[in-house]
């Protein structure tokens, strides 16, 4: 195969490819054998026509068909060998094939723009550092106790923080049931602190016992009037439960995670919260750096390039849809995701440019550091983490993640960073 390329406009190239008969012969021979399996001629059973007779009768037709089919393959081979970022589809022109000169054609291809980076360093960033405090550990322990609490049915009057199982029947102001407006078996905790609606409802049900029926009045949260509309319900209390929380001791630690002591559990929780907070600020800071790079390096993208990637995302989304899902509005999907697609394309081009200019690569040690950190965090064997990334798709995704971090780390190392420290409790108090 011989090829040469000429620029024919902004982000457009004309690729001229010619393939000699000597190069085509192996492809033709393979095609003859494929055709032989299905060809039927008088006097021969299917698949039994002699190869010499097949070439004599159908050889020219087969060669013309195969030459036409090989166009995309040879073009793809040229694109891959020259590492061109082509925006499909390409336009094929001047297709020629004859028995003496072989195959030749011209392809007009659009390539992604060659970008020049305007600014990739000397930024000023604020980096939020979240530190795990004792109050955060206590909160995490409280949540664990709640998760492992034991529910007990009680016959006495309900109290704040008890749980109730209730049937709600909507009624009019005179007490007449409204047909079709009933909610059965609604189970919830009586709480005076988590939201105004729950507080109002809890206040009217505290003190009720199993078997009681109470009339409750709530605001209609769907009403559009300036003055909230009041709605009435008949609430039948079917069951009242209280939750008994386990003691916070070494036995509790052994029950919830096979820890030897409460101190060991606390240490594990501190490590876990530290990792979660690190991931939180890293992800936010990572995106802030990426966004600043995108804003500081203008890139013009063609509609063809944007539409190609939008269509790719759309098809990927369709493949993930489950049977019975509502059909997707494709026009709305493209409109909704267009801005994100443009941002992702620009970031990818900037990332790859920095990677190439700074000769960055993801080394085997980078994977091992990641595997080790993850295994330590989840108290598991490192081989279990390695095995997660044996699949090429998973390994590729991890490689991309590690490379993005390398690029951002380089930009950060060449910028001014101001750290703002907050406690875990302060940051996530809500």
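The values are calculated or read from the model by the stated rules, or taken from the named source; none is laboratory data. Predicted, not measured: the structure shown is a model, and the values here were computed from it. With ideal geometry, Cβ positions are generated from the backbone for all residues, glycine too; neighbour counts draw on all protein chains shown.
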Identify, by number, the condition in (1) under 30 Å from residue 186 (Cα atoms); (2) surrounded by fewer than 17 Cβ atoms within 10 Å (Cβ to Cβ); (3) touching a residue at least 24 places away in the same chain (Cβ under 8 Å); (4) touching a strand residue (DSSP E or B) at 6+ places or on another chain (Cβ under 7 Å) that residue 245 doesn't meet.
(4)
Can you find even one residue in the stretch 112-124 that is touching a strand residue (DSSP E or B) at 6+ places or on another chain (Cβ under 8 Å), loosely packed, with under 13 Cβ neighbours inside 10 Å and more than 30 Å from residue 256 (Cα to Cα)?
yes
Residue identified as touching a helix residue (DSSP H, G or I) at 6+ places or on another chain (Cβ under 8 Å), surrounded by fewer than 14 Cβ atoms within 10 Å (Cβ to Cβ) and part of a helix (DSSP H, G or I) among 351, 384:
384
Specify which of the listed residues (265, 293, 269, 273) is assigned to a helix (DSSP H, G or I), in the same structural domain as residue 348 (by TED's automatic domain parsing) and either modelled with pLDDT of 95 or more or surrounded by fewer than 17 Cβ atoms within 10 Å (Cβ to Cβ) (or both).
293
Within the stretch 400-407, is even one residue part of a helix (DSSP H, G or I), at pLDDT 95 or above, in the same structural domain as residue 270 (by TED's automatic domain parsing) and more than 17 Å from residue 290 (Cα to Cα)?
no
Answer with yes or no whether residue 31 is surrounded by 15 or more Cβ atoms within 10 Å (Cβ to Cβ), touching a helix residue (DSSP H, G or I) at 6+ places or on another chain (Cβ under 9 Å) and in contact (Cβ under 8 Å) with a residue 40 or more places away in the chain.
no
Checked against (1) touching a helix residue (DSSP H, G or I) at 6+ places or on another chain (Cβ under 7 Å); (2) buried (at least 17 other Cβ atoms within 10 Å of the Cβ); (3) more than 30 Å from residue 139 (Cβ to Cβ), residue 334 satisfies every condition except (2)
Hey, residue 278 modelled with pLDDT of 95 or more and either within 30 Å of residue 418 (Cα to Cα) or not in a helix (DSSP H, G or I) (or both) or not:
no
Residue 198 in contact (Cβ under 8 Å) with a residue 12 or more places away in the chain and farther than 18 Å from residue 238 by Cα:
no
